[in-house]
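The values are calculated or read from the model by the stated rules, or taken from the named source; none is laboratory data. This is a predicted model, so every value here is computed, not measured. For neighbour counting, all protein chains shown are included, and Cβ atoms are generated from backbone atoms with ideal geometry for every residue, glycine included.
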Amino acid sequence: MKVFKTVKTIQDYIKLKKCRGSSIGFVPTMGYLHEGHLSLIRRAHKENDISVVSIFVNPTQFGPKEDYKKYPRDFKRDEKLSKQAGADLIFYPKVREIYPEGYRTYVDVKDITGTLCGASRPGHFTGVSTVVAKLFNTVQPDVAYFGQKDAQQAVVIKQMVRDINMDVKIKVMPIVREANGLAMSSRNRYLSAKERIDAPVLYESLKLARRLIKAGVQDVRSIRSQMSRIIRSKGSMRIEYISIVDKDNLKEIKRVKKDALIALAVKVGKTRLIDNIVIKGGI
Ligand code: PAF
């Protein structure tokens, strides 16, 4: 497995491989890999000639009061795990490589970035789409793999790709959960022992929503209030949002009749966690 640290070296290497007919599968990450990332890398390895993983904690997607500085980083561990999962190349640039002195260009997807996570994280998705656009231009993937846990991110990336005619297929893979239902996230490592015990209530609330909808409840306000009640039953939770939206355009819906995304963000102690499920056809 090769590690590249500059745009030019990886771009040249990939250009050569593509000239020779190799297909490129790409998994962009911020490192501190967990089973969710590894499932994407394994898939990229299985479906493409060359699988590329990027490891870059992107400063432009963090707000001034967010956890950019303390975001977990462990390159040696990530290198080993990526290799075991079948990665052929790692792109591991420094911040100055991606945002050199005088950097001025940002990619801004409108409307769908102002709701859900975007409402409390202004500028977050501009940072995400900008870095993903830059990474796509660097790696030139045929297919890029994202996790469903960041449901809004996946919708935003698909929109960007469509809008500016990027020649890459986006595949969104299922959420990987711990045995207790907690969605895997690099941020889970911030949780205290007690918060770890409480955090699976997020998935419990999503499953409750699914049961209610299956039982015929369509009213979004009623579903949301029952979800909040069980989340609030754990002391350390502060709900940022519980939203039930159209899964493709993220518009709020009043009644659940067709495919819906139920998404939430909750502060568990000091840690902000997100989770979601998609309800197919209103059941
Ligand atoms: O999902 C992530 O880890 C990041 O948002 C991404 C897509 C790697 C961009 O920095």
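What are the residue pairs meeting all of these: first residue in segment 131-158, first residue touching a residue at least 12 places away in the same chain (Cβ under 8 Å), second residue of a type in the set (Phe, Trp, Tyr), Cβ atoms under 6 Å, and 6 or more apart or on different chains?
Filtered contacts from segment 131-158: Val139/Phe26; Pro141/Phe26; Ala144/Phe26; Ala154/Phe146; Val156/Phe125.
With the requirement that a residue be of a type in the set (S, T, N, Q) and either surrounded by fewer than 18 Cβ atoms within 10 Å (Cβ to Cβ) or within 13 Å of the ligand (Cβ to nearest atom) (or both), what does segment 151-176 give you?
Of everything in segment 151-176, those that are of a type in the set (S, T, N, Q) and either surrounded by fewer than 18 Cβ atoms within 10 Å (Cβ to Cβ) or within 13 Å of the ligand (Cβ to nearest atom) (or both) turn out to be Gln152, Gln153, Asn165.
What number of residues in segment 234-246 are in contact (Cβ under 8 Å) with a residue 40 or more places away in the chain and either under 12 Å from Ala151 (Cα atoms) or of a type in the set (Gly, Ala, Ser) (or both)?
Summing the residues that are in contact (Cβ under 8 Å) with a residue 40 or more places away in the chain and either under 12 Å from Ala151 (Cα atoms) or of a type in the set (Gly, Ala, Ser) (or both) in segment 234-246 gives 3.
Where residues in segment 183-206 are among the hydrophobic types (A, V, I, L, M, F, W, C) and in contact (Cβ under 8 Å) with a residue 60 or more places away in the chain, which of them is nearest to Gly31 (Cα to Cα)?
My answer is Met184.
Go through (1) under 23 Å from Ala119 (Cα atoms); (2) more than 16 Å from the ligand (Cβ to nearest atom); (3) touching a helix residue (DSSP H, G or I) at 6+ places or on another chain (Cβ under 8 Å) one by one and return the number of the condition Arg238 breaks.
Only one criterion is unmet by Arg238, namely (3).
Which residue pairs have Cβ atoms under 7 Å apart, sit 6 or more places apart or on different chains, and have a first residue in segment 98-120 that is on the phi > 0 side of the Ramachandran plot and a second that is surrounded by fewer than 17 Cβ atoms within 10 Å (Cβ to Cβ)?
The qualifying pairs are Leu116/Tyr241.
Which is more than 15 Å from the ligand (Cβ to nearest atom), modelled with pLDDT of 95 or more, surrounded by 15 or more Cβ atoms within 10 Å (Cβ to Cβ) and not small (Gly, Ala, Ser), of Leu135, Leu89, Leu116?
None of the others qualify; the one that does is Leu89.
Quick check, is Gly269 touching a residue at least 60 places away in the same chain (Cβ under 8 Å) and over 29 Å from Ile170 (Cα atoms)?
Yes; evaluated as a whole, the condition is true for this residue.
Does any residue of segment 212-224 turn out to be out of contact with any strand residue (DSSP E or B) (no Cβ under 8 Å at 6 or more places or on another chain), buried (at least 18 other Cβ atoms within 10 Å of the Cβ) and in contact (Cβ under 8 Å) with a residue 24 or more places away in the chain?
Among the residues of segment 212-224, not one is out of contact with any strand residue (DSSP E or B) (no Cβ under 8 Å at 6 or more places or on another chain), buried (at least 18 other Cβ atoms within 10 Å of the Cβ) and in contact (Cβ under 8 Å) with a residue 24 or more places away in the chain, which makes the answer no.
Scan Lys267, Lys258, Lys234 and give me the residue that is of a type in the set (Lys, Arg), within 20 Å of the chain's Cα centre (by Cα), on the phi < 0 side of the Ramachandran plot and not in a helix (DSSP H, G or I).
Lys267
For Glu35, which of the numbered conditions (1) on the phi < 0 side of the Ramachandran plot; (2) within 13 Å of the ligand (Cβ to nearest atom) fails to hold?
With (1) on the phi < 0 side of the Ramachandran plot; (2) within 13 Å of the ligand (Cβ to nearest atom) applied to Glu35, the lone miss is (2).
Counting just the residues of segment 62-82 that are among the basic types (Lys, Arg) and under 23 Å from Gly127 (Cβ atoms), which one comes out surrounded by the fewest Cβ atoms within 10 Å (Cβ to Cβ)?
Lys65
Looking only at segment 4-32, filter to residues that are within 16 Å of the ligand (Cβ to nearest atom) and outside any loop (DSSP other than H, G, I, E, B); which one of those is surrounded by the most Cβ atoms within 10 Å (Cβ to Cβ)?
Only one residue tops the list, namely Val27.
Which ones in segment 38-61 are within 15 Å of the ligand (Cβ to nearest atom) and surrounded by fewer than 20 Cβ atoms within 10 Å (Cβ to Cβ)?
Across segment 38-61, the qualifying residues are Ser39, Phe56, Val57, Pro59, Thr60.
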